[in-house]
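Taking it in order: structure first as structure tokens, then the write-up.
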Amino acid sequence: MSAPDEDTFPEEAAAEEMMDEVGSDEDEGVEMEEEGAGGDGEKKVYVPGIEPLQPGEELEMDRSAYRMYHECQTGAPCLSFDVLRDGDGEGREQFPLSMLLCAGTQADTAMSNRLIVMRMHNLHGTEKEKEGEESSDEESDEEEDEDKKPQMELAMMPHYGGINRVRVTQRGKQTLAAVWSEKGQVEIFDLQPQLEAVNSSAAMAAFISQQKEATALFSFSGHMTEGFAIDWSPTVPGRLVSGDCNKNIHVWEPGEGGTSWQIDQRPFSSHSKSVEDLQWSPTEATVFASCSVDQSIRIWDVRAPPNSMLSASEAHSSDVNVISWNRSEPFLLSGGDDGLLKVWDLRQFKTGRPVANFKQHGAPITSVEWSPVDSSVFAASGADDVISQWDLSVESCDAGARVEGVKDLPPQLLFLHQGQSEIKEIHWHPQIPGVMISTALSGFNVFRTISV
């Protein structure tokens, strides 16, 4: 798509826009072409971190490794986003696909930020290249290509201050976004006007004509500093937990009418440094987990403030950046500044030892998430500009034929995705199996690999 200039959001940016299709010149490679004499290059698999690119070598995307791949930009980059559930059904795999996302920008000036709802649709899969075939009807091919162009609508609400993290939930008929911003407040927004705008051209026109700074349903300034950690409860609609850079955690209880929350002013306070991420238990309504710069992961119960129930005090050798709670198994996944990915069995959490430990990324882990449809599959992103996909159910003897030169890779590693710079956050789509969305300084990728 043709993005508006960074930090500028003209009215046209809220209308229909185009996303770039598969086959861009981004270094989206799982395959490397090595330029040789006379331009004849020997193609081989490139594995990040194993060996650096040599002079004259460049990465080339292997289209056959993707079932779908699209990319887009929103002007200023987004540090965080979340997937909005829609009414198009569960487990859908038939192309073209559509999806709804909510994202928040990190623009150069506080005034230039936006809370964005985006609707991507007409997302087609990657087609196998027809080598050696010449089209007899170029005009019809062009028409077909035009029909398959992906589409995107953006409904952008001005928001004062860069948005550190966004999480969305459904509460009755409300679609709510919780926003941690650099101004030190946690705010709740009703996304209904933006959702109506991306689904109707008339509503979009009205939305643009009435556009003004986003007005929060509710805001909380009690953290007294900024933060990143925030999570909606999957079991109690409207229940929220937020954590800040001063080590404090607050639990929000929803009030009557959907526009107010009660927040205990006494924080949960066992951490000694910044709280980086929070995750509610998917099965126990009063239990949540946290991770911190103090290298620990802690498990809490809202009925027993202000201290944690369980802790792994040296979960990683440095900052623990992100955690994800498995939806159907008692497993917690963590990623740290040490570049390690660790899987914790909560039944053995007191031992302080993970049940699995992976070192594939060459830089701090920035995001982790279990697959919503396969309890053994997870993904992670790192500051090394790589997204990795894993399957814990794979044993060494199941790995099959390994590609030459990659025999040292763990058998559980399914895929390494590249092409973005400074990847900040990844999410699986909960209703479209295998589809992953990532946000980075360079924009968004939407893709599905052949491995998941």
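The values are calculated or read from the model by the stated rules, or taken from the named source; none is laboratory data. Model, not experiment: these values are computed from the prediction. Here the Cβ is made from the backbone with ideal geometry for all residues, glycine too, and neighbour counts use every protein chain on show. Heavy atoms of the whole protein, side chains included, go into the accessibility calculation; ligands, DNA and RNA do not. Shrake-Rupley method; radii C 1.70, N 1.55, O 1.52, S 1.80 Å.
Across segment 287-308, the qualifying residues are those that are in a loop (DSSP other than H, G, I, E, B) and out of contact with any Ser or Thr (no Cβ under 6 Å at 6 or more places or on another chain), and the one among them that is farthest from GLN348 (Cα to Cα) is PRO305. Taking GLU284, is it open to solvent by 40 Å² or more (accessible area, probe 1.4 Å), in a loop (DSSP other than H, G, I, E, B) and modelled with pLDDT of 95 or more? When the stated conditions are applied, GLU284 passes them. Restricting VAL168, VAL241 to those that are among the hydrophobic types (A, V, I, L, M, F, W, C) and either assigned to a loop (DSSP other than H, G, I, E, B) or open to solvent by less than 10 Å² (accessible area, probe 1.4 Å) (or both) reduces the list to VAL241.
Of the residues making up segment 245-264, those that are out of contact with any strand residue (DSSP E or B) (no Cβ under 8 Å at 6 or more places or on another chain) and either closer than 14 Å to HIS223 by Cα or among the acidic types (Asp, Glu) (or both) are ASN246, GLU256.
From the list PRO193, PRO234, the lone residue that is touching a strand residue (DSSP E or B) at 6+ places or on another chain (Cβ under 7 Å) and open to solvent by 60 Å² or more (accessible area, probe 1.4 Å) is PRO234. Just to be sure, is ILE188 in contact (Cβ under 8 Å) with a residue 60 or more places away in the chain and surrounded by 21 or more Cβ atoms within 10 Å (Cβ to Cβ)? When the stated conditions are applied, ILE188 passes them. Using the structure shown, decide if GLU329 is more than 23 Å from the chain's Cα centre (by Cα), open to solvent by 40 Å² or more (accessible area, probe 1.4 Å) and among the charged types (D, E, K, R). Judged against the criteria, GLU329 is not a match.
The residues of segment 147-165 that are assigned to a loop (DSSP other than H, G, I, E, B) and open to solvent by less than 10 Å² (accessible area, probe 1.4 Å), listed by number, are PRO150, HIS159, GLY161, GLY162. Where strands (runs of 3 or more DSSP E) fall wholly inside segment 409-452, no range has 3 or more residues that are basic (Lys, Arg), open to solvent by less than 10 Å² (accessible area, probe 1.4 Å) and within 24 Å of GLU51 (Cα to Cα). Scanning segment 67-105 for residues that are outside any loop (DSSP other than H, G, I, E, B) and among the hydroxyl-bearing types (Ser, Thr, Tyr) turns up TYR69, SER80, SER98, THR105.
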